[in-house]
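Working notes, beginning with the structure itself.
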Amino acid sequence: MRKAFDKLDNYESRFSGDVWNNINGVLVAERQKKKRRNIIAFTSLVLLLISTSSYLYFNGYEDLSFDRESNIQQASILPSSNTMLDNDHTYKLEDTKPSKDSRVVPSGQPLSVYQVSSNIKNSDHEQLSITSEVYLDTQSQEGSEQVDVYAIPFDETHSSQVLALNSSFAKLNTVNELESIAPHITESKSVGLKFNLTNIFNHGDCPAFGNANYRLYAWSHISGVLPLAQFSAKNTSNQQYESARQTTEAGLISSEAAIGLGMVFKKGYYVEAGLQYAHWREKFSYIDPESISYQTIITIDTVFQAMDTIITIDTSRTEIPGSREIVNYNAHKSYNIPVVFGYQKTINNILSYSLKAGAIFNIQLESKGRILDHNMIAKNISANEAGFMDVYKPKLSTQIILGGQLNYHLTPEVHAYVSPQVRFTQSSVTNDSYLLKQTYVNPSVSIGLKYFL
Amino acid sequence: MSPFYKNSITEKELVEQCLKLEPKAQRMFFDLFSGRLMTICRRYGRSQQEAEDMLQEAFIRIFSNLSKYKSDGSLEGWVRRITVNTSIKVLQKKGNRHSSDDIDDYAIDAGTPSELEVLEAEDLIALINILPLGYKSVFNLYEIEGYSHKEIGVMLAISESTSRSQLTKAKKMLRQYVSTIQKRAI
């Protein structure tokens, strides 16, 4: 009997075209899901790379270079309370000499490097009233005399006093010049010292904290955002509708603008809040299988008569049934309150970066455009139009923000910044009675300005 | 020869393209197997609509599991297995039990295989579809797909002996039906 049915093996049966349409709908949704996953993964990877490389370069890298030295064990960028500069822009070199405390070099000006005999150093310093030197190294001179090498901010008075004491002295404007004063320092500790001295030389474009523990600033930015809607059916019977909505709607590059106030603390933590206007755009396109288009035919006849010419115009309208692609650009306009917490670290005199997290609370949402209903018919979602489909909540769900920020210090008071972020809506933006859940994952990039008050 | 060979793409390349979610490759893959897989679905489904639902479900499973396909085996064999399993799952999901309760009243006479061999493919599908669900599944799995009674028992959650019994009855019922039709034709 098996032989009788062998002819079925290669027999091809017919089926309706809807089968492929339905399968393709699922495949398209899968492709969009993959695309979204790639965007999120890429953004996360970029954020991870920026934060990891920044941390390693400015912390781990420095520590490694100094560990090899016996008399300067460690150099690190630490916040300080006894300087007029931003905590992240103050550099402290820890001195291993028991007689000296850790010293802080306020910078933003050329540096003096001088050498003083170890035997007379203390009295020299009392005479010069030098309080902000930093010990770099001890060198052995001819005749086994020990000479300490110090750096201080350049000052004409001090430099002449140092010279009067017959000490070696040099004003340095670049790191490389240190080599002529203390070559072995740059050779043996070149990596660490260059880093520190580069910062000391160039540093200065930061807002002063003074005696205050925090500074207030105003901020404003514009953003490019890609709203990526994600649909999920509340029960399995709506899966086809879910894939239909996923297939017919696609997020477009959209814009946002925000303004607000922030507060940065000496320790580097900051908090920001403000008001944001968002205008998300989506493209809705679908094939209307029962579309009717109209063709208008205008017939113009010219009739010549003895005395005159008469022109007759005849208009006829023909109904043409068939399918047609309908494209509509939807918009979701919303007002929101963003609240962000972050931690900021300085890279050098002109750059700093921060990692941040927070939430965006929606206070008003207005949607316009069209979407498919569960019968696969395009329906209006604009609330002010008759017969609209009431799908969206009057307020969007709270969005969670994760992101980073790179600040460029234009002046001590004005910083420009760029901030890549990923945002997630916490719960569905649609009504409870709606058949699908709709959430968003939005990658975005903001550019803006901070002004320290 | 398969259609994609005409377009100078190998089976392996087609699978690779589908794994990259290339729309054209997915359509080509569908065109390549859909007709034959629909025949399978028609053998299991009780209506054209149910068969199309099975085909749709089968292709979604095929595409989402394509990464599990090992290229050393037959691609067609693999997609056929998925389609058969999907068809059975669809029937089970709809609450159809593969029992023999509904066929005990049938009178069964013996017939000959040669009577079946003269039938066309469409007639054979129609013939299979007259069988009650329990018979049909066992008959399809054993006679056409080539599964053993032990395997069928596991797939349909029935005993091996029930599978044997249902197959015997299905065969006899088919022969009787063919014989009746032929007598009427004469």
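The values are calculated or read from the model by the stated rules, or taken from the named source; none is laboratory data. These numbers come from a predicted model, not from an experiment. Heads up, the Cβs are rebuilt from the backbone with ideal geometry, glycines too, and the neighbour counts pull from every protein chain shown. Surface areas here come from the heavy atoms of the whole protein model, side chains and all, with no ligands, DNA or RNA. Shrake-Rupley method; radii C 1.70, N 1.55, O 1.52, S 1.80 Å.
Look at the stretch B:52-62: the mean tally of other chain Cβ atoms within 10 Å of its residues' Cβ atoms is 4. In a fully extended conformation the segment linking A:Lys7 and A:Ala218 would gain 68.1 nm over its present Cα-Cα distance, using 0.36 nm per residue.
Per-residue shielding of A:362-375, expressed as the average number of other chain Cβ atoms within 10 Å of the residue Cβ, stands at 0.
Suppose R0 equals 30 Å; then what is the FRET efficiency for A:Ile447 and A:Thr398 from their Cβ-Cβ distance, rounded to the nearest 0.05? The calculated FRET efficiency here is 0.75. For the pair A:Glu319 and B:Ala121, label points projected 7 Å from Cα toward Cβ lie 4.2 nm apart. Basic side chains Lys and Arg get +1 at the Cβ, acidic Asp and Glu get -1 at the Cβ, and with that the dipole of the stretch B:3-93 about its Cα centre reaches some 240 debye. Applying a threshold of 20 Å to the alpha-carbon distances of B:Lys93/B:Lys169; A:Lys33/B:Lys20; B:Lys89/B:Lys136 flags B:Lys93/B:Lys169 as lying beyond it. A simple count of charges around A:Gly403, restricted to other residues whose Cβ falls under 11 Å of its Cβ and scoring Lys, Arg +1 and Asp, Glu -1, yields +2. Here the stretch B:3-93 yields Rg over Rh of 0.98, to two decimals, using C-alpha coordinates and the Kirkwood radius. Of the solvent-accessible surface of the stretch B:3-93, computed with a 1.4 Å probe and all protein chains present, 48% belongs to carbon and sulfur. Look at the stretch B:25-32: the mean tally of other chain Cβ atoms within 10 Å of its residues' Cβ atoms is 2.
Interface B/A, total buried accessible area with a 1.4 Å probe, nearest 100 Å²?
Interface area, both chains combined: 3000 Å², rounded to the nearest 100.
Note that the stretch A:405-418 has calculated 3J(HN,Hα) couplings of 8, 10, 9, 10, 8, 5, 9, x, 9, 10, 10, 9, 8, 10 Hz, one per residue in order, obtained from phi through the Karplus relation 6.51 cos²θ - 1.76 cosθ + 1.60 (θ = phi - 60°); glycine and proline are x.
So if we plug the beta-carbon distance of A:Gln426 and A:Tyr277 into 1/(1 + (r/R0)^6) with R0 = 22 Å, what FRET efficiency do we get, rounded to 0.05? It comes to 0.60.
Estimated from the Cβ-Cβ distance and a Förster radius of 45 angstrom, the FRET efficiency linking B:Ile181 and A:Ser433 is about 0.25. The slack between B:Ser74 and B:Ser47, meaning 0.36 nm per residue of separation minus the straight C-alpha distance, is 6.8 nm.
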